[in-house]
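The values are calculated or read from the model by the stated rules, or taken from the named source; none is laboratory data. Please read all numbers here as calculations on a predicted model, not as lab measurements. Cβ placement follows ideal geometry from the backbone for every residue including glycine, while neighbour counts extend to all protein chains displayed.
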């Protein structure tokens, strides 16, 4: 879907960028740039340093980068000279545009996504809890059905075997790795396995 949109949406100027991104955000990107802060401050933006000192200057520099890009991409322009200072300024403007766009996305499109390692771990723990509740619900239903035919013991045995295999996998992979990211990744993988098991039992 992203590639389809990228091909269908023109992106030949600053105006195009502002228009399409404003449409996605549901608000004016230019206004959002004026108040954008580093994502680490997204929960308490008041008093945080603004990423973009002058939105108009940023748009002008990015516009100039678009203009030169068009010239050098589509024309033979031996008479056009761009000095090193201009190159650095325009490259910095593109970098700032990307940083500012990223900063705008975190409190809007990505507002419910974890950013820091602590948030990732908390989010993963929540996903595990939700998946376990889902599995418990379908297991209760499945056991009621199996008890009517006297085969609930087989389901319990199968479930214990499944749980042992999943735990063995987690122990021999993520649990053996050092680093602050791995507990969150382990929990996310476990949540995926539990959701898959819930679907399997529920079906």
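Within segment 104-122, count every residue that is crowded, with 17+ Cβ neighbours inside 10 Å, more than 12 Å from residue 39 (Cβ to Cβ) and under 14 Å from the mean Cα position of the chain (by Cα).
Qualifying residue count for the region: 1.
Just one of 49, 78, 39, 45 is over 13 Å from residue 14 (Cβ atoms), exposed (fewer than 14 other Cβ atoms within 10 Å of the Cβ) and touching a residue at least 12 places away in the same chain (Cβ under 8 Å); which is it?
None of the other options fit; the residue is 49.
Can you tell me which residues in segment 23-43 are touching a strand residue (DSSP E or B) at 6+ places or on another chain (Cβ under 9 Å) and assigned to a loop (DSSP other than H, G, I, E, B)?
The answer is 36, and nothing else.
Taking segment 160-198 only, how many residues are surrounded by fewer than 12 Cβ atoms within 10 Å (Cβ to Cβ) and either touching a strand residue (DSSP E or B) at 6+ places or on another chain (Cβ under 6 Å) or part of a helix (DSSP H, G or I) (or both)?
8
Residue-wise test of (1) assigned by TED's automatic domain parsing to the domain that holds residue 101; (2) modelled with pLDDT of 85 or more; (3) over 21 Å from the mean Cα position of the chain (by Cα).
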| site | (1), (2), (3) |
| --- | --- |
| 29 | yes, yes, no |
| 43 | yes, no, no |
| 46 | yes, yes, yes |
| 50 | yes, yes, yes |
| 53 | yes, yes, yes |
| 59 | yes, yes, yes |
| 74 | yes, no, yes |
